[in-house]
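Okay, so here's the structure we're looking at.
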Amino acid sequence: MKTPTAGDSSGFASLGLAAPLVAAVSALGYEEPTPIQREAIPVLIAGHDMLGQAATGTGKTAAFALPLLNKLSEDLKTNRGKARALVLVPTRELAMQVAEALHKYAKGSNLNVVPVYGGAPMDHQIRALRRGAEVVVGTPGRVLDHLRRQTLNLASVEMVVLDEADEMLDMGFSEDIDAIIAETPDTRQTALFAATFAPRILSIAGKHLKTPKKVQIAQEKRAPGKLPQIRQVAYIVGRGQKTGALSRILDFESPKSAIIFCRTRLEVDELTDTLNAHGYGAQALHGGMMQKQRDRVMQLFRSEKADILVATDVAARGLDIDHVSHVINYDLPTAPEVYVHRIGRTGRIGRDGVAITLAAPREQRFLQYVERLTKQKVEIGKLPTEADLRKRRLEAAKDAIRERITAGGLEDTRELVESLAQEFEMIDIAAAAVAMANDSADKTVVADMPVADERQPRSYDAPQRDDRGSYDRAPRPASRAPRDEGPMTLLRISVGKEESIRPADLVGAIAGEAKIPSGVIGAIKIHDDYSLVEIPDEHAERVITALKRTQIRGHKVTVQSKPAR
């Protein structure tokens, strides 16, 4: 059996995609096609119209995005700058998500992707379209606006995709879709994706698709009693708040042993680095690792020497570990059936189990599919507050005291308590001891990463939308309490994700070269080609001078500064 390697993407290569796209998919960390991708991509590459049934979270964006880009890349010189592909989606959130995915897949191809949707300035979109856009992703209403203003011309469109067509029909976009498609050439290729093949979907397909191929991914049947009765909780958080939300959940739940599922290898590596930088003991597991590495990680997890396993579905297949107390879906799985497989890894042999899901607001529909499949309610939870965490620590202290009293061997400390009892009430002595223990726990707890309900004013122009990624908090030593943050300087450092920079790299370079405690470093945000780091004003000049003399992951850097708050 061939051992998977980091560059192994033979699953996508076998679908007929051009080599640059296969490389792009591999670089993003996807290990193998999902069922909808495996079935739809060859059909679309062959040039057929297609009617696809796929639910949210099944990987359908890549199922149409990859063949779409494959088609356009065949002749980049033809109609340069003109709209050659149109993707219609029901909401602005989905427009941004699809456009972002297309942009990632198209990286290096010179194909421009422009999203157009309501609620955003029209003039910005007009300028982007005038600069040239081979792929336009938009909501029906805003696309019609551009057609009426003649700021968008669809005469050169070679492919149209109707994504989540059932939702667009629910929102009353049927006539808008007809009007938009009427502006495209009859020679276009058309793909329609919906959650079901309801009569209204077949009706719109009959209008706009020519002898379409049907791709329908059958749902896996579940044997009675296969899913354990475990507590299922979902927290609705924006993408940019997921890491902070996970931090609070881990602190509150204090899992004995947890598996955290991510969608891609890169997400596994990044989340593992972030968790370890914040003091959690986490191990990564994905198909890009050598078999020897995977065996070592699994041995650590099975022997309970590692408390958290961050994994992809592919790597975690066949895991059978009885002591897993929590399964956490950091990313939603590709299908509700995969969700069932994931959470079935907890609640083994009569033990209690907890399944936690972090879902974006638009992903709540997926949770409804899960409830129908599992016939169990998914509770919508509220993120733990600081007060909740303090209360939980006091409960843990009470349990620990009870166990310690039962264990005996308190003769020496009895003498101390008896001497104090001559000055103070016994209840006050006990309360002071518990308070001191709790204060110590507060100081050693990992510093929270920002989440949505924490108001952290920032005066710099860093993206705050939840489609742009999260702010990672720099690690603080376990032996010191979080500092009171004073005036901060924002440093813009000229390396980012393209150089495989992680928060730990920045913290190590700053703390090591500038000789400052890592605990004083503030928020960190890593973009594609640069990073933002908050530093206390008093250390800013020293950090800038130090970084100019060093390299980060082998790259010389430039540093710019401005007040952060």
Task: Nearby lysines by direct alpha-carbon distance to residue 497 (threshold 20 angstrom, same-chain neighbours under 8 apart not counted) - done: 104, 107, 242, 525, 548, 556
Task: Residues residue 377 and residue 430, FRET efficiency given R0 of 41 Å [Cβ-Cβ distance, rounded to 0.05] - done: 0.50
- [ ] Report the relative contact order of the range 231-380, percent, no decimals, based on alpha-carbon pairs under 8 angstrom and at least 6 residues apart.
- [x] 35 percent
TODO: Taking H placed 1.01 Å from N in the peptide plane, check which residues at least 5 places from residue 488 or on another chain put their amide H under 5 Å from its amide H.
DONE: 537, 564, 565
Task: ³J(HN,Hα) computed for each position of the range 362-378 - Karplus, 6.51 cos²θ - 1.76 cosθ + 1.60, integer Hz, glycine/proline x - done: 6, 8, 5, 4, 4, 5, 5, 4, 4, 4, 5, 6, 8, 6, 9, 7, 9
Open item on the list: Give me the extension gain from residue 386 to residue 559: residue separation times 0.36 nm, minus the current Cα-Cα distance, reported in nm with one decimal.
Closed with: 58.8 nm
Task: Long-range HN-HN contacts of residue 232 with modeled amide H, under 5 Å - done: 355, 379
TODO: List, in order, the whole-Hz ³J(HN,Hα) value for each residue of the range 165-182 obtained from phi through the Karplus relation with A = 6.51, B = -1.76, C = 1.60 and θ = phi - 60°; use x for Gly and Pro.
DONE: 4, 4, 5, 5, 5, 4, 8, x, 8, 4, 5, 4, 4, 4, 5, 5, 5, 4
Task: 5 angstrom amide H check on residue 191, placed H, neighbours 5+ away - done: 50, 160, 161, 162
- [ ] List the aspartates and glutamates whose Cα lies under 19 Å from the Cα of residue 82, skipping any in the same chain that are fewer than 8 positions away.
- [x] 74, 123, 134, 145, 158, 183, 186
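The numbers here are math on the coordinates, done by the rules we state, and not lab data. Note that the coordinates shown come from a computational prediction; the quantities given were computed from them, not determined experimentally. As a convention, Cβ positions derive from the backbone with ideal geometry for all residues, glycine included, and neighbour counts pool all protein chains shown.
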